[in-house]
Each structure stands twice: as C-alpha cells, then as structure tokens.
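Nothing in this text is a laboratory measurement; each read-out follows from the coordinates by a stated rule. Quick caveat, the model's predicted, so the values are computed rather than measured. When we count neighbours, we look across all protein chains shown, and the Cβ atoms used for this are built from the backbone with ideal geometry, even at glycine.
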Amino acid sequence: MLGLFAALALASCSTVPSPAPGPSATQVRDEVVRRIPPTVDDRIGWAGDIRMAFEAQRIEASVENICATLAVIEQESGYRANPEVPNLPRIARSEIDRRAAAVHIPKLLVDAGLKMKGSDGRSYGEQLARARSERDLSELYEEIIGRVPMGQRLFAGKNPVQTGGAMQVSIPFAQANAQNYPYPVARSIRDEVFTRRGGVYFGIAHLLDYQTPYTQKVHRFADYNAGRYASRNAAFQSAVSSLTGVSLALDGDLLVPDAPIDKPGQTELAVRRLAPRLGMDEREIRRALAQSDRLDFSDGTLHSQVFAMADARAGKAVPRALIPGIRLDSPKITRELTTEWFANRVADRYRQCLQR
C-alpha cells in the first residue's frame, strides 16, 4: 500500500508543468531592435547593450520594460551615448563665474587659472571653448580639481557634472550601484556613464530596478526625474495638506535631510499637526517619514492612517500617486520645464513604442 501511495505521489509530481522558458538573448535583442525607431543608427548595438542590462540586473525584458527604457533614451538623448549640449562653453563659463563669485574668487584669478596648460598641452580655457558634451566638461573639471589650486575651492572638490549619458542618469547613483556592473571598468564608473553600455545599464537600474505601488507608468517616469517614490510621496503631501489646511510643495520630499528633530521641514511639521489623531509622537512620525524612500512606507501606519482620514474627508479614495510639482533647474535648461512636462513627454514616447 505504501508503495502504491509513493507511486501515485511520484506520478502527480511528474504532471506539474515546468516553467515556460523565457525568451532567448537573440529574441530579446530582436524585440528591442523592432521597437527602436528605424531612423536610429546601430539599432543592433543599442539593443545588445539594453539586453545585457536587463539580463545582468535580472529585470524582465517585457515589451513594457523595453518601451519604458527606449522612451527615456529618446527623450533624454535622442539615442546619443554622449549627447552634445548646445552652447556648452558659454553655459559652463557662466557657471564657473557664478561659483567664483559665491566663494569670493576674483575674476582675474579665474582667468589666470584658465590660462594654465592642461595635460594635453592646451590651456584649460581652450579646452573649455571646445567642450561639446558633458563628458568633455566632466574630464576637464576632473583635471582642474586635481591640478589647479583654485579648482578645489571653486568646485569644493566635487565635479559639477552630476548626470550624463544616453539616459542622463545620476553619476552618484551609478557610483553607488556599481557592484554588479557586468563590464570591465577601464577608468572609473563616472567615465562608464558616458559610454553607451554604461549609460544604458545605470539608466535602466534607476528606472526599473525597484518595485512601485503605481498603476500608471507616467508616475514611474516622474520618479525617474524627481527621485524614487516621489510620485507616491507627493500624493501623501497632498493628503496631509487637505487634512491640515497647510499649503505644501508637492515635491515628494517628506524630510529635510539631516534636520534636527526640533527643526522639522514643512511637510513633517504639517504631519505633526495630525499627531493626536494618529496616536503618534514626534519621534514616531520622524521614524515613519524616514522610510519614505522605500516601498514599505506605503504599508506603514502613518501612510495608511493619513490616507484613511483623507478618504473619509473627501468621501472617496484620494489619489495615491501624483506627479510632483517640480520646476527643473539646471544650467543646461534655457526654458521653464517641469517634472510634469518630462513625465508626460516620456509617457507619449512610451505609447508610441508600444504601437510600433
């Protein structure tokens, strides 16, 4: 009898279907090629780098993820690994002069520093005049910081170029998330960001390598611009504002970095007004808000209670995600742009990709 049961058990196990194999590397590459606009140069090369980024980070190569990636690439660089920035020498010199004025370095000293010869024999001023991309500028700044006494003071030892590559990804983000980078690093992670493979790898990591509570892709695109969970956090700020009557900037930043407990930011101060209804003291509120850069903030007591009260007040479910109201500020930007503009532009490109 025991033998019969064992045989039946083995038979039942043998009928469980094996998981369907995922698409092959060639199939993924071909699907990416098909979704890239036909006017793009070296579509196979782009597709190979994108496929490798998905594989190395174990991100599903679904059509949705492929199109989200391509939409950001198209918006940020138009499929250029190291895109040129119009009027970059003028923008960079204006930024240098602004920084010099802020730390009280006379213009004569700035001019003298730029006349110094660099490692390639050209003056830093000449190199600046010929800079066309963020990579050019980044390499120039690295040398100025390392070799010119004024450079350390001017840039506070920090390269001002903080984004780069085909997806305009944050260089500090790339440096902090390089542990599984699948390529040999010849010089530095900063330098890798300006290559096609590196820009795509770290851009995909920033865009897709985290879980969200969103039901619409546009909020993930807004997060790409404003920071992870910014859309969820902006909705939380809106709910707090509706309950307290306090006008808050819906920027997704719930805590002022390193703020002392007795000097809270505006959002934290507004949440404290709800403390009696929440049954939480100041330190409990601070600990809860400190989780706002994580997915599980959505399941926490603070988030749940605030939205329960906001829903009751509105008589309906209030939004759990809102595009942050942020005006984009960068020396490269010459017109008024916002996170909403960025997210909607990328969402349009995403829908076009799905239809290709």
Could you list, in sequence order, the residues of the range 28-44 that are basic (Lys, Arg) and either touching an Asp or Glu at 6+ places or on another chain (Cβ under 9 Å) or crowded, with 17+ Cβ neighbours inside 10 Å (or both)?
29, 35, 43
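Residue-by-condition table, conditions (1) surrounded by 13 or more Cβ atoms within 10 Å (Cβ to Cβ); (2) among the small types (Gly, Ala, Ser); (3) touching a residue at least 24 places away in the same chain (Cβ under 8 Å):
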site: 46; (1), (2), (3): yes, no, yes
site: 58; (1), (2), (3): no, no, no
site: 61; (1), (2), (3): yes, yes, yes
site: 72; (1), (2), (3): yes, no, yes
site: 82; (1), (2), (3): yes, no, yes
site: 96; (1), (2), (3): yes, no, yes
site: 99; (1), (2), (3): yes, no, yes
site: 107; (1), (2), (3): no, no, no
site: 113; (1), (2), (3): yes, yes, yes
If we keep just the residues of the range 225-254 that are assigned to a helix (DSSP H, G or I) and without any contact (Cβ under 8 Å) to a residue 40 or more places away in the chain, which is nearest to residue 291 (Cα to Cα)?
237
Matching residues in the range 121-178 - criterion: being in contact with a Ser or Thr (Cβ under 8 Å, 6 or more places away or on another chain), assigned to a helix (DSSP H, G or I) and under 25 Å from residue 46 (Cβ atoms):
134, 171
Filter the range 200-224 down to residues that are part of a helix (DSSP H, G or I) and surrounded by fewer than 24 Cβ atoms within 10 Å (Cβ to Cβ), then give me how many there are.
7
So which of 268, 282 ends up being of a type in the set (Asp, Glu), in contact with an Asp or Glu (Cβ under 9 Å, 6 or more places away or on another chain) and buried (at least 18 other Cβ atoms within 10 Å of the Cβ)?
268
Tell me, yes or no, whether the range 312-335 has at least one residue that is under 24 Å from residue 64 (Cβ atoms) and of a type in the set (Ser, Thr, Tyr).
no
